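The structure under discussion appears below in the form of structure tokens.
The values are calculated or read from the model by the stated rules, or taken from the named source; none is laboratory data. All figures in this text were calculated on a predicted structure; none of them were measured in a lab. We place every Cβ from the backbone using ideal geometry, glycine too, and count neighbours over all the protein chains shown.
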Amino acid sequence: MKILYLDTSSSFLYCAIIKNDECIGEIKLKLEKDLSALALDEISNLFLVTSTKPDDIDKILVVNGPGSFTGIRVGLTIAKTFAWGLNKKISTLSSLDAMAISCKEDYDYFIPVIDARRGYVYSGIYDKDNNIVLKNQYISLEVLKATLDNLPGSYVFVTNDDIDGISPITKYDPDFVAIVQKFKDNEEINPHGIDALYLKLTEAEEKLNA
Amino acid sequence: MKDIYILGIESSCDETSASIIRNGTDEIATVILSQIDIHTNFGGVVPEIASRHHVKNITMVIEDCLNKANMSMNEIDAIAVTYGPGLIGSLLVGLESAKTLSFIYNKPLIPVHHIAGHIYANNLVKTMKYPLIALVVSGGHTDLVYMEDEYKFKRLGGTLDDAVGECYDKVARVIGVGYPGGPVIDKMATLGSHTYNLPIPLDDNSYNFSFSGLKSAIINLVHNEEQRGNEINKEDLATSFQEVVVDIITKKTLKALKDFNVKNLVLAGGVAANKGLRDKLTLICEENDIDYTFPPIKYCTDNAAMIATAGYFLYKEGRFSDLQLNAKSSVELQ
């Protein structure tokens, strides 16, 4: 069983090929604005160095957000085209899920945060057994911090963004094997039906609804 | 000779489209999913919303196209995709999908310039003859292009400010006839008379255009008449506007044809659907013995058939791209 894991929801390209719970090749690369140009080229190189053919993949696990809108679409478009084209299974997971499960430090709660600008973040709260305490949402940082006062234990923020006023922080470094083990059985979706988890309307829609 | 089937993908604005074209001339199947109803609520295309819909629809559109053609990806020789110019977020969806297909099926990837696509829509009507002048008129472009031969472009000039289609949309908004304005104004222009005295835009010796002054003149005219409590005759204003626009475009097009001693003209782009413009060009081409082609309406607006058609000529020259191909919001025609 070979699983292709893909996350382009930030300025990093995170990609791995997991074979029977073992990582046979991985990419952790900060690409920033070059992500859309280089992601697929890097992925094709990963296939090359691991002597994997696209058709060898049994399933794709792709992060569908939240994060950079463009980044989310790059990964989703690659994943859904790959899955549709070669008739492969596909499931999604949230970027915050991946961040929380990857953190191995000794805290009671893990709070992955992604900068959503203007004082807002995408976040959720997970306990040390990875149960969701606060669901994924677009939330004011101040409101999030106020929520933490009620947590009965120690906590740590998990992020790769520069966000002022939060501590303690641990950098996000994906544990691909742990992520895939935990989420590989997420609901399989018809590739056409894969959609993004933006957690936020566009500004035009917000104005129209106001 | 073996038939060549190109799968084209286009997502540069608010249409998600896929098409299969044989040998750069025969349309096998085309699917176009337009988002126009969604963007009408906002009075124009909202780039982020367009991108979100492209990613939802892209694989369905490609699948529908293959089903309509009764073909599989294995029968496709190469994948042609619009890489620019256009809305960057929209372009990226078509581009990533095309790159992925190229990767998983190990097929050549062909980068097509959107305007080259519009010009090559004419090859689906009849084989283009060179040298030619292409007049590209759309919501984003007003360009005169000289083509010496297949896929050799020289841009002679273009708009210095608003594209002609953009100007139609703005005028339509000012006189309150909705979005998109082009088809409505074109129709209204057949009902009125040229009674309003409007400035002639950039009537000089260049191949450039300028429509912002004309647009401002109409905004001021409507505003002043409202202030005076006078009602605008919308049909007459539409006729006056369209005649001024069509006159300057045809005048400069004819100048380009004469300056380069060219006997072939092709019309391209969304505004190529404008009947007033088509008819006037027909007239001047008849008078000047010029072979004139314009695409049917379905190939005027954004579509992947034109991308696959243009892609065929790049395929013949082996002009492929690697997987590092990126989308470009603005890029020279080449």
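Take B:Asn197 and tell me if it is buried (at least 18 other Cβ atoms within 10 Å of the Cβ) and of a type in the set (S, T, N, Q).
Values: buried (at least 18 other Cβ atoms within 10 Å of the Cβ): no; of a type in the set (S, T, N, Q): yes.
No; evaluated as a whole, the condition is false for this residue.
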message: Taking the criterion of being under 28 Å from B:Ala50 (Cα atoms), at pLDDT below 95 and among the hydroxyl-bearing types (Ser, Thr, Tyr), would at least one residue in region B:132-149 satisfy it?
response: yes
- prompt: In region A:126-143, which residues are hydrophobic (A, V, I, L, M, F, W, C) and over 20 Å from A:Ser102 (Cβ atoms)?
  reply: A:Ile139, A:Leu141, A:Val143
message: Being in a helix (DSSP H, G or I), aliphatic (A, V, I, L, M) and either within 23 Å of B:Lys2 (Cα to Cα) or within 11 Å of chain A (Cβ to nearest Cβ) (or both): is that true of B:Val112 here?
response: no
task: Would you mention how many residues in region B:27-81 are hydroxyl-bearing (Ser, Thr, Tyr) and either in a helix (DSSP H, G or I) or at pLDDT below 95 (or both)?
output: 4
Test for B:Asp143: is it in contact (Cβ under 8 Å) with a residue 60 or more places away in the chain and not assigned by TED's automatic domain parsing to the domain that holds B:His53: yes
message: Out of everything in region A:178-194 that is over 14 Å from the mean Cα position of the chain (by Cα) and surrounded by 16 or more Cβ atoms within 10 Å (Cβ to Cβ), what residue ends up being farthest from B:His53 (Cα to Cα)?
response: A:Ile189
message: Any residue that is β-branched (Val, Ile, Thr), under 13 Å from the mean Cα position of the chain (by Cα) and under 15 Å from B:Val81 (Cα atoms) - is there at least one of those in region B:282-301?
response: no
task: Examine region A:152-163 for a residue that is outside any loop (DSSP other than H, G, I, E, B), free of Cβ contacts under 8 Å to residues at least 24 places away in the same chain and not hydroxyl-bearing (Ser, Thr, Tyr), and state whether such a residue exists.
output: no
- request: Report yes if A:Glu22 is out of contact with any Phe, Trp or Tyr (no Cβ under 8 Å at 6 or more places or on another chain) and touching a residue at least 60 places away in the same chain (Cβ under 8 Å), otherwise no.
  value: yes
message: I'd like to know if region B:252-275 contains one or more residues that are farther than 25 Å from B:Asn197 by Cα, in contact with a Gly (Cβ under 9 Å, 6 or more places away or on another chain) and assigned to a strand (DSSP E or B).
response: yes
message: Among the numbered criteria (1) facing chain B (nearest Cβ under 10 Å); (2) surrounded by fewer than 24 Cβ atoms within 10 Å (Cβ to Cβ); (3) over 13 Å from B:Phe103 (Cα atoms); (4) not acidic (Asp, Glu), which one does A:Val49 miss?
response: (1)
message: Could you check region A:53-67 and list, in sequence order, the residues that are over 16 Å from A:Asp195 (Cβ atoms) and within 12 Å of another protein chain (Cβ to nearest Cβ)?
response: A:Lys53, A:Pro54, A:Asp55, A:Asp56, A:Ile57
statement: Of (1) more than 21 Å from the chain's Cα centre (by Cα); (2) more than 10 Å from chain A (Cβ to nearest Cβ); (3) in contact (Cβ under 8 Å) with a residue 60 or more places away in the chain, B:Leu66 fails just (3)
query: Any idea which of A:Ile27, A:Ile90, A:Ile72 is touching a residue at least 12 places away in the same chain (Cβ under 8 Å), among the β-branched types (Val, Ile, Thr) and facing chain B (nearest Cβ under 9 Å)?
result: A:Ile72
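Just to be sure, is B:Glu317 farther than 30 Å from B:Ala98 by Cβ, at pLDDT 95 or above and acidic (Asp, Glu)?
Criteria not met by B:Glu317.
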- prompt: If you scan region B:165-183, which residues turn out to be more than 18 Å from the chain's Cα centre (by Cα) and more than 12 Å from B:Lys215 (Cα to Cα)?
  reply: B:Gly176, B:Val177, B:Gly178
statement: Being over 19 Å from B:Tyr5 (Cβ atoms) and facing chain A (nearest Cβ under 10 Å) narrows B:Met60, B:Met73 down to just B:Met60
field: Criterion: in the same structural domain as A:Ile166 (by TED's automatic domain parsing) and under 18 Å from A:Lys28 (Cα atoms) - qualifying residue of A:Ser68, A:Ser123, A:Ser140, A:Ser102
entry: A:Ser102
task: Quick one: which residue in B:Asn264, B:Asn220 is surrounded by fewer than 16 Cβ atoms within 10 Å (Cβ to Cβ) and among the polar types (S, T, N, Q)?
output: B:Asn220
- prompt: Looking at B:Lys99, B:Lys126, which is the one that is over 18 Å from B:Ala273 (Cβ atoms) and either within 14 Å of another protein chain (Cβ to nearest Cβ) or assigned to a helix (DSSP H, G or I) (or both)?
  reply: B:Lys99
query: What tally of residues in region A:60-87 results from selecting those that are over 27 Å from B:Ala50 (Cβ atoms), of a type outside the set (S, T, N, Q) and surrounded by fewer than 20 Cβ atoms within 10 Å (Cβ to Cβ)?
result: 1
